[in-house]
Amino acid sequence: MVAIGTVEAAAAEDFVTGAGLSSSSRVASPPTAAAHTRVMRLGFIAGTVALGASYLHPIMGPASWVGTALFAAGLSLSRTGRLRHALLWIVAFQTLHLVIGFPWLLRMIELSFPDQGLGPSALMTVGFYLLMSLPPSLCIGVTYAALRRWDVAHWWLGPAWGVGEWLRVSLTQTSITDWLVSQWGVTPMMRLLGHAGWWPTLVMGIFASAALGRYLTTRRWRWALAPMVLAGVCLLLPERDARTEHLTGVAAMHTHSTLAMPHTAALQPSTTLLIWPEAALHVLPTLGEVRAPGARIHAPLPGSQVEHLLGLETLVPSVGRFNQAVAVRADGRVIASRAKRLLFPGTERRFFGVGRDQFIVGTAPAVLTVGERQIIAAVCGEYLTRDFVAAGQRLGGELLAILARDGMFPGELALRQLLGVQVLRSVEFHVPSVRASLTGRASIVDANGRVLAVSSRGRNGLLTWQAARGAGDVDFHGEPLADGPPHPSARPGPQPDVAVLYSKKRPRFRTRCPEGRCSYHELESFRCAGAKAKTVIIAGHAAPPTYLSHAAEDVAAAARCFEPELVVVDTCYGASSPLLNALSGLDAVFVGAPTLLPPSGFSYAVGFFADTPPMVRARAVHSSPGAPVLRWRINADLLATQLARVATMDKAELNRRLARRVPPQIRVELGEAGEMLVPVAWKRLRQP
C-alpha cells in the first residue's frame, strides 16, 4: 500500500502540474494527502459541470468527453482514499450532471401534477434525479469497488456505464439522459453509431474519454491519442444512404389545439400521408386495437384525399381506454391501429405509488402498414426506448413516425434534447423519422441523422420536406410559417362565422373546425355582446330537459343572441321539444339527433363551412351511418300542433312511440324533416 500511495502521489502531482489546475514548481517532497484530495475533488466537480453542459446544446457535445475524462481521472486518484468517499463522489457525479443537463425536470413535474404544489413537486424532482442516476452509480460503484486495486478504470468504465443505463431504461422506459444523447451533434460519433451500433459506440466513446483521463494522471501521450484516433477512424467511415425516399409525400402536424383543423388548401398536392400528434382529437371513439380493416371513424379532414396516422385516445366498454396510433383512410375507414404499450411512469401508469393507471397496455406490433409504407408508429415516449424501434425495424419498418404530446416538456432545451433522441434512433436503426407534436415542434430527420426540417412552435402548421424544394412549413391556411407572430403582409384568414356554445364542465365536446372559422363561448359566463354568426353549434352533454347542464331557455337565449340562420345541437337527444320550443319563432334551420350520438359527436362534411343556403349546409351534418338526424326549418305553428296532439294521445299510442324510458320520451314526426323527442309523464304510460 505504501508503494501504491507513492505512485498515486506522484500521479496526482503530474495531474496538478500538467493540467494547470494548480501550479508551483516541482519540489522534492510529494504533495500532501490534502492536496491529493483537493485535486481529486476538483476533477470530479469539473467533470460534473462539463458532462452536464454537454447536454445543453449539440455544439457542446465534445464537453462530454472532457467531463468523462475528468471523472475517470478522479476515479484513478481516489483509489488510495476511503472507499465510501469515492462511492459518494460517484453518486454525486451521476446525479449532479443530470441536474445541470436537465434543469427543466422540476417544471415538467409541476406541469404533470398541477394540483400538488411546489413542495411535493420538488421532492418528486429530487426522487426522479436519484432514480435516473442510481442505476449507473450502482454499476460503476460496484465495479470500482471490485477493481480499485488496479488502475484500469479506462477499461471497465464504458461497459459498467452502459449496463447502468440499460438498467435505468428497463426501470423507467426513458433514455433521454443516456451518455450518447450528448453526442447527437458530434458527426464522428454519429457516423460510428450508424456503422457499429449502440453498444460498441458507447463503450468506445467512453473508453476514448477515459483514456484522456488516463493521460491526465500518467502524462503518457499514447493515451491522449486514443480520442483523436477514434475520431479520425469515424470520419473515414462512409456515409450511408439517407433513405429520404420514404419521406416523400409525408406531412407532420404541429399544433397547440385539438379543435383547430387544417384547411384542405394547406395540404400540398404531393402529400399522401398526414401524421398527427398524440391525442390530436378529443373524440374518444369506441375502438380497440385494429389488426385488419373494417372499423370506421369520422373522416379526420373532410374534403382531403390523404391518408392519416392519428394519435387518438379510444375506448372499449368494460375494458378501458387505449392511447393509440390509428391509420385511417381519407373517408374515415380504419386501416389498422396499435395501442401504446410503453406507458410513461407517473403520468400514464402508476410508478412507485405515484400517479394512476390511465390506459390499457397495448399488444399489437409496432409497425402499421399505411398504403405502401411500413411505419414504426411510436406513440410519444415509446421511441425513447431503443428496444421499441429495434422491434419495429425487425418487422420491416421503413419510417419512424413519432406521435408526440409535448405539453409536459417546458422550453426549447427539453424539445432540443428530444430531437437529439430522434436523431439517435434514425442513425442507429437507419430509418428516417418524422415527429408530429401537440404544443411542441415537428421535425424530420433522415436515416443519417441529418435534421432536414424543424417547424416553428408558436403557431399551428404542417411541416414537409422534399428533395427538390427542401423544408416547407405552412400554417393551417397554407401560408408559409416562421417563428414569431404572423407577418403584417400575411393574408388574413376567414373571419369566424360559426359560434360554438359549450359548458366548462365538458370542454372536450367542443366542435372541431377549420382554423379561424369558429369562435368558442363558455355558456356559464356567456354575455350577449351583439356578435353575429350564421351558424350556432350547441356542443356537449344533454339530458333533456337540460342541455349542457342548463335549462333549455338559457341555451336558446344564448343561441338567439347570434341571430343565426342555422342551429346545430351536437348533443345526444338534441332533437327534443323543450329546446325546440325555446327556439320557437327563430327564423333558422334546426339540426339535431333524436338518439344517442357517438362520443365524437356529429361529423361535418366540407360543405358545412361553404357559403351556401342553411338547408344545404344542414345536409352536410351526419351522425353514425343509418342514424336519424332531424333537419327542420323551425315552424312554431307546426310545433304547437304536434305538442297539442301529444297531449291527446292514449296509452297505447304513447307506448308505441316510446323512445326512452328514463326519462320517458316519445317520438313525434315533424313532417318529412324527421322526428323529435317529446317528454311525457310516466303515469300516462301506465294509466288504465
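The 1.4 Å probe gives accessible areas that order TRP156, TRP166, TRP276, largest first, as TRP166, TRP156, TRP276. The angle between the Cα long axis of helix 221-236 and the longest principal axis of the Cα atoms of the chain comes to about 40 degrees, rounded to the nearest 10. Looking only at the stretch 540-560, which residues have a backbone nitrogen under 15 Å from a spot 7 Å from the Cα of ALA636 in the C-beta direction? Residues passing the 15 Å test: 557, 560. Applying 0.36 nm per residue to the separation of THR648 and LEU413 and subtracting their alpha-carbon distance, the gain on full extension is 77.5 nm. With 0.36 nm allotted per residue and the present C-alpha distance subtracted, the GLN358-HIS195 stretch has 54.7 nm of extension available. Against the criterion of solvent-accessible heavy-atom surface with a 1.4 angstrom probe, LEU111, LEU236, LEU481 sort, most first, into LEU236, LEU111, LEU481. Using the alpha-carbon positions of the stretch 202-317, Rg (one decimal) and Dmax (whole number) come out as 25.2, 71 Å. In order along the stretch 546-560, phi translates into HN-Hα couplings of 10, 9, 6, 6, 10, 5, 4, 5, 5, 5, 5, 4, 5, 5, 4 Hz, rounded to whole numbers, per the Karplus curve 6.51 cos²θ - 1.76 cosθ + 1.60 with θ = phi - 60° and x for Gly and Pro. Counting only DSSP beta bridges with both residues in the stretch 469-594, the antiparallel share comes to about 20 percent. Here the extension length gained between ARG394 and SER525 equals 41.7 nm, from 0.36 nm per residue of separation less the Cα-Cα distance. Over the chain, with every protein chain in place, what whole percent of the accessible area is carbon and sulfur at 1.4 Å, could you tell me? That fraction is 60 percent. Scalar couplings 3J(HN,Hα) for the stretch 245-257, obtained by applying the Karplus form with A = 6.51, B = -1.76, C = 1.60 to θ = phi - 60°, are 4, 6, 8, 5, x, 9, 10, 10, 8, 10, 8, 10, 9 Hz; x denotes Gly and Pro. In this structure, the residue pairs whose Cα-Cα separation is over 31 Å, taken from LYS340/LYS534; LYS504/LYS651; LYS505/LYS532; LYS504/LYS683; LYS340/LYS505; LYS505/LYS534, are LYS340/LYS534; LYS504/LYS651; LYS504/LYS683. Only helices enter the 222 nm calculation for the chain: every DSSP H run of n ≥ 4 contributes -39,500 (n - 2.57), and dividing by all residues gives -11500 deg cm²/dmol, rounded to 500. By the rule of a second cysteine Cβ within less than 4.7 angstrom, the chain holds isolated cysteines at CYS139, CYS234, CYS380, CYS572. Distance between Cα centroids, the stretch 520-592 to the stretch 398-474: provide it in whole Å. Each part reduced to its Cα centre gives a spacing of 42 Å.
Per residue, the chain exposes an accessible area of 41 Å² to a 1.4 Å probe, with every protein chain left in place.
Amide H contacts of ARG660 (H built 1.01 Å from N, in plane; Pro and chain starts excluded): GLN665 sit under 5 Å, all sequence-distant by 5 or more or on other chains. With all protein chains in place and ligands, DNA and RNA left out, the 1.4 Å accessible area ranks LYS534, LYS505, LYS340 as LYS505, LYS534, LYS340, largest first. Near ALA543, the amide H atoms lying under 5 Å from its own belong to LEU548, SER549; only residues 5 or more places off or on other chains count, and H is placed 1.01 Å from N.
Beta bridges per DSSP, both residues in the chain: antiparallel share near 55 percent.
Solvent-accessible surface (1.4 Å probe) assigned to TYR520 amounts to roughly 70 Å².
How high is the FRET efficiency from VAL606 to ARG149, r the C-beta distance, R0 60 Å, rounded to 0.05? Efficiency, rounded to the nearest 0.05: 0.20. Here the Kirkwood formula, the inverse mean of 1/r across different C-alpha pairs, assigns the stretch 556-624 a hydrodynamic radius of 12.5 Å.
Across the stretch 75-87, rounded Karplus estimates of 3J(HN,Hα) from the backbone phi angles (6.51 cos²θ - 1.76 cosθ + 1.60, θ = phi - 60°) give 4, 5, 6, 8, 5, 8, x, 6, 4, 5, 5, 4, 5 Hz, Gly and Pro being marked x. Working note: Debye formula, equal point scatterers on the alpha-carbon atoms of the stretch 70-113, no solvent; log10 I(q)/I(0) at q = 0.14, 0.27 Å⁻¹ is -0.46, -0.92.
In this calculation the C-beta distance from VAL99 to THR248 is compared with R0 = 56 Å, giving a FRET efficiency of 0.85. Accessible surface for ASP611 stands near 130 Å², nearest 10, in the context of the full protein assembly shown (1.4 Å probe). For the pair LEU596 and LYS505, a Förster radius of 22 Å applied to the C-beta separation gives a FRET efficiency near 0.70, rounded to the nearest 0.05. Rolling a 1.4 Å probe over the protein chains gives MET40 an accessible area of about 20 Å².
Could you please state, rounded to a whole Å, how far the C-alpha centre of the stretch 81-153 is from the C-alpha centre of the stretch 171-229? Their Cα centres are 21 Å away from one another. The stretch 62-78 and the stretch 295-336 have Cα centres separated by 50 Å. Near LEU452, the amide H atoms lying under 5 Å from its own belong to ILE444, VAL445, ASP446; only residues 5 or more places off or on other chains count, and H is placed 1.01 Å from N.
The values are calculated or read from the model by the stated rules, or taken from the named source; none is laboratory data. As the structure is a computational prediction, the values presented were derived from the model and not from experiment. Here Cβ is always computed from backbone atoms with ideal geometry, including for glycine, and neighbour counts include all displayed protein chains. To get the accessible areas, we keep the full protein, side chains included, count just its heavy atoms, and leave off ligands, DNA and RNA. Shrake-Rupley method; radii C 1.70, N 1.55, O 1.52, S 1.80 Å.
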